[in-house]
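The values are calculated or read from the model by the stated rules, or taken from the named source; none is laboratory data. These figures come from a predicted structure and were not determined experimentally. Ideal geometry is used to build each Cβ from the backbone, glycine not excepted, and the neighbour counts take in all protein chains shown.
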């Protein structure tokens, strides 16, 4: 198999950064700093630190909140009459890695004309608390960085992960 170019495309770069962050250096070698690649432009300086802090989640303002999915659409998604065209699993990722992966996934899906996707956050830690991603992802979807991509979102049906997953409706591409 020959490669036409030596450059990584956006998908490969995001995946490589996620994998490279989990690698530990060999004994006797120093770790190399890997820059954070997040394509989103934060609307305010408070949003980026909030993603990095484990306990803090940004509270969306009233005008930034996405609409919930309507009942007929939720029923169709739950019963499989409306196709879920993409899935992303954020299990086990840090908030920073999950944010980056979610943004790049939704950006690619939107560019590809996908309408409904499933975002799997997991239900949380076994210590009895709510999961960090379970609380953070809905707040992220309501921020200005995701507004051009996300039309609405809501909790998934039990057969698609229940409270540990979200249905996301992406905006249509304007021509």
Exercise. How many residues, within the stretch 157-175, are in contact with a helix residue (DSSP H, G or I) (Cβ under 6 Å, 6 or more places away or on another chain) and surrounded by 20 or more Cβ atoms within 10 Å (Cβ to Cβ)?
Worked result: 2
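Right, residue 132: under 22 Å from residue 104 (Cβ atoms) and either modelled with pLDDT of 90 or more or over 14 Å from the mean Cα position of the chain (by Cα) (or both) or not? First the steps, then the outcome.
Values: under 22 Å from residue 104 (Cβ atoms): yes; either modelled with pLDDT of 90 or more or over 14 Å from the mean Cα position of the chain (by Cα) (or both): no.
Taking the combined requirement at face value, the residue does not satisfy it.
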For this session: Might you check whether a residue that is modelled with pLDDT of 90 or more, within 17 Å of residue 69 (Cα to Cα) and surrounded by fewer than 17 Cβ atoms within 10 Å (Cβ to Cβ) occurs anywhere in the stretch 85-106?
Result: yes
